[in-house]
1. If Lys and Arg each add +1 and Asp and Glu each add -1, what is the summed charge of the other residues whose beta carbon sits under 15 Å from the beta carbon of Cys124?
2. Among 56-63, 199-206, 231-238, how do they line up from the highest to the lowest mean number of other beta-carbon atoms within 10 Å?
3. Only Cα pairs under 8 Å and at least 6 apart count here; give the relative contact order of the range 32-121 as a rounded whole percent.
4. What distance in nm lies between label points placed 7 Å from Cα along the C-beta direction at Glu228 and Ala167?
5. In 5 Å bins starting at zero, report the fraction of Cα pairs in the chain per bin as a rounded %.
6. In nm, to one decimal, how far is the Arg21 label point from the Lys109 one, both placed 7 Å along Cα→Cβ?
7. Once the piece of chain linking Asp81 and Glu10 is laid out straight, how much longer is it, given 0.36 nm per residue of separation minus the C-alpha distance between them?
8. Dipole size in debye (nearest 20) for the chain around its Cα centre, Lys and Arg Cβ +1, Asp and Glu Cβ -1?
Amino acid sequence: IVGGSVAPVESHPWVAAILWRGRSKDVVFRCGGSLISSCWVMTAAHCFPDGSRVNERRFMVSLGKSALNQSDALEQKFRVDKIILHPDFNNELGNYDNDIALLKLKSKKDGRCARDSVGVRRVCLPGEGHNLPVGFPCEIAGYGKEKHGLWYHSQFLRQARVNLLAADVCGADDYYGDKITSNMLCAGRDDWTQDACEGDSGGPLVCQVDGRFVAVGVVSWGEGCARERRPGVYAKVHNYRQWIRQHTGV
Ligand code: 4AZ
């Protein structure tokens, strides 16, 4: 997150940290995600570049974490049972079309996964009538870089505010042109000071609608971070409601 502020996980209790265990037992942060039901996390497909050969057993999901390198009283950790990449995920044009994936958490001995607490909570998914107007204020949160080009990402969960952009603006020639498909949303700010950045991928773009927090987008890509006319690009969750329901029941 560029230009935002540190935020306690209680302010974004659906945010998940997706971690990867290497051969030498080292654990590295891979991507953000969002909890959409007790046992399912929504994230970006490009977080799993091995595609169909991805090894579920190497991944772990942490919920309720304000700081990555510190244990947290609110933290809940899970192994991953299943990773479902969207079948139409496609990066042939370098634009991560259909950049969405679902992670099934491995349940605990009592058969349950995430438990609601002040630090862990599900986010709502967009329903009919959640077509939000251009300029609508939303928020992003993640453990990603605070500036493009830094070699390290943030140790603390950070948040920022961005506004929904018109599709025709984002797809204009002086923005991203034809790279923007109907499966994408763009969000940014008039002053280009706040944005998602590397490491925030997979996390949610959340908008408050009728008092509920709705995950409208999944952080996907952008050219640099917080650059003029290069807004953050998000997978448009609304387009995947059926696919999500089919796999998760949500
Ligand atoms: C990335 O590399 C990335 N400014 C994610 C989001 C944005 C740029 C890059 C948006 O994961």
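1. Values: positive: Arg121, Arg122, Arg212, Arg241, Arg245; negative: Asp116, Glu128, Glu139, Asp210.
Net charge around Cys124: +1.
2. On the way: 56-63: 18.9, 199-206: 28.2, 231-238: 26.4.
Peptide ranking by packing, descending: 199-206, 231-238, 56-63.
3. Details: 149 pairs, mean separation 30.9, N = 90.
In percent, rounded to a whole number, it is 34.
4. Distance between the two pseudo-spin positions: 2.8 nm.
5. Each 5 Å bin holds this share of Cα pairs: 1, 7, 15, 20, 22, 18, 11, 5, 2, 0, 0.
6. Between Arg21 and Lys109, the label points sit 1.9 nm apart.
7. Details: separation 71, 0.36 × 71 = 25.56 nm, distance 2.60 nm.
Extra length available between Asp81 and Glu10 comes to 23.0 nm.
8. Values: 32 positive and 28 negative charges, 295 e Å.
Dipole about the Cα centre, nearest 20: 1420 debye.
The values are calculated or read from the model by the stated rules, or taken from the named source; none is laboratory data. Bear in mind the structure is a predicted one, so any value in this text is a computation, not a measurement. Here Cβ is always computed from backbone atoms with ideal geometry, including for glycine, and neighbour counts include all displayed protein chains. Accessible surface is based on the protein model in full, side chains and every heavy atom, while ligands, DNA and RNA are left aside. Shrake-Rupley method; radii C 1.70, N 1.55, O 1.52, S 1.80 Å.
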